[in-house]
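The values are calculated or read from the model by the stated rules, or taken from the named source; none is laboratory data. It should be emphasised that the depicted structure is a prediction, and the values quoted were computed from it without experimental measurement. Here Cβ is always computed from backbone atoms with ideal geometry, including for glycine, and neighbour counts include all displayed protein chains.
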Amino acid sequence: MGTIYPGTCRDGCSAKETAIRIRTNDEPISFLDGLQGTQTQRLERESGDFIIRRRDGLIAYQLAVVVDDALEGITEVVRGIDIMDSTQRQIWLQQLLDYRTPRYVHVPVITHANGDKLSKLTGAPGIPCDTPQPVLVAALEALRQGPPADLSSSSIPDIWLWAAENWKLEPLRGLTAVISDKPSLNSLTHTPPIP
């Protein structure tokens, strides 16, 4: 989660450029994650007052996602466990704005063998634009969904349809990370976007 905001400007600030933070308190905020179980944070102690508008005037992620989800009528959020720490901050904003809180499921991240999350930062290559099917199927395999062997020769819409019809949370219960041993996820040759 990073450094906890110490409340330096909680009661005002004379700086010309400032971010706007939302005041927190030390009451526990809990939610029942569909895979990870009950999660609780005390925001004042564990994150401090957090930014809702950045110094450059842009709305910060926490507020943007809460308002967007509410306007779109989102009732269920499935996302990576690497951002689960944000959930209680979002619930705090939902409570302050009198928005409904969606149900949350945080799925494990896929990692390299050394435990680093697959990402650009850790050297994971991009998904090839011309043939993404093997990567999509390898991701389904890494996430323990058991796709059929011939699925990677299917069209992208057919892969998504199979995934939507066959998705199971149970194989992921309690996991925070799954190690990818699939060459198609770990050692792709980066393919630039098609112009």
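General remarks:
- Q41 buried (at least 17 other Cβ atoms within 10 Å of the Cβ) and at pLDDT 95 or above: yes
- Of all residue pairs spaced 6 or more apart or on separate chains, none has beta-carbon atoms under 7 Å together with a first member in segment 128-157 that is free of Cβ contacts under 8 Å to residues at least 12 places away in the same chain and a second member that is of a type in the set (G, A, S).
- Residues of segment 79-100 classified as more than 18 Å from I22 (Cα to Cα) and either modelled with pLDDT of 95 or more or not β-branched (V, I, T) (or both), total: 5
- Boolean, R21 is over 28 Å from P108 (Cα atoms), crowded, with 17+ Cβ neighbours inside 10 Å and within 24 Å of the chain's Cα centre (by Cα): yes
- Here the condition is being among the hydrophobic types (A, V, I, L, M, F, W, C) and under 29 Å from S30 (Cα atoms); of L118, L140, it holds for L118 alone.
- For segment 120-132, the condition holds for at least one residue, the condition being that it is of a type in the set (A, V, I, L, M), at pLDDT below 95 and either loosely packed, with under 12 Cβ neighbours inside 10 Å or in the same structural domain as T40 (by TED's automatic domain parsing) (or both).
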